[in-house]
1. Counting only protein heavy atoms and using a 1.4 Å probe, what share of the accessible area of the chain belongs to carbon plus sulfur, as a whole percent?
2. Can you check what the Kirkwood hydrodynamic radius comes to for region 1-43, Cα pairs only, in Å to one decimal?
3. Would you kindly find the accessible area of LYS2, with a 1.4 Å probe and non-protein molecules such as ligands, DNA and RNA excluded, rounding to the nearest 10 Å²?
4. Ignoring ligands, DNA and RNA, how do ILE65, ILE21 rank by accessible area with a 1.4 Å probe, largest first?
5. Reported to two decimal places, what Rg/Rh ratio describes region 22-81 when computed on Cα atoms with Rh from the Kirkwood expression?
6. At a 1.4 Å probe radius, which order do GLU58, GLU14 fall into by accessible area, largest first?
7. Could you work out the relative contact order of the chain? I mean the mean sequence separation of Cα pairs under 8 Å and 6+ apart, divided by the number of residues, in percent.
8. For the chain, set up a GNM with springs between Cα atoms under 10 Å and report which of SER64, SER99, SER42 has the largest fluctuation.
Amino acid sequence: MKDPELDILIDELETKRDMTIADFDGVTHALAFLLPDLALRSTDQVRATDEAILIADEAYPNWSIHIRGRANDRDGHWHCTLRENDSRDSDAAIGMGRSPVLGQAILAAVMRLAKLQKT
């Protein structure tokens with residue numbers, strides 16, 4: 001999987017409110033490529049917010065997961081930040097994601113961080 005493909009998937013996570021099964025299938029394959037040691041998950045599992053948090057926790061154990069946002073009817077404004085060290089600003093890489101859907105913001109942050117660390 002090449003960087004432009006990953007960028008497109010991350011952009012879809014951050015902009016689409018109603019992603020299809022096919023969209024999440026691409027995310028599932030990207031996670032398998034970026035994080036090969038991560039336990040395999042079905043496309044249906046990846047769609048759930050609880051599972052997105054578990055993916056972040058499994059991929060980056062002991063990292064801080066910051067979630068902030070506002071739930072506005074159908075369009076939330078969610079931001080997720082993954083940081084290795086919560087108390088200092090010396091992290092080598094930080095994962096950041098934003099989306100109208102909380103689970104997608106978390107997955108975008110995970111994928112962006114994994115992509116940074118893979119290069």
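1. Taking all protein chains in place, the chain shows 50 percent carbon and sulfur surface.
2. Numbers: mean 1/r = 0.0930 Å⁻¹.
When all Cα pairs of region 1-43 are included, the Kirkwood radius is 10.8 Å.
3. The accessible area comes out at roughly 140 Å².
4. Values: ILE65 60, ILE21 85 Å².
The ordering from most to least exposed comes out as ILE21, ILE65.
5. Ratio of gyration radius to Kirkwood radius for region 22-81: 1.00.
6. GLU58, GLU14
7. Details: 194 pairs, mean separation 31.4, N = 119.
Rounded, it is 26 percent for the chain.
8. Of the options given, SER42 has the highest mean-square fluctuation.
The values are calculated or read from the model by the stated rules, or taken from the named source; none is laboratory data. Since the model is a prediction, treat every value here as computed from it, not as a measurement. All Cβ positions, even for glycine, are placed from backbone atoms using ideal geometry, and neighbour counts span all protein chains on display. Accessible surface is based on the protein model in full, side chains and every heavy atom, while ligands, DNA and RNA are left aside. Shrake-Rupley method; radii C 1.70, N 1.55, O 1.52, S 1.80 Å.
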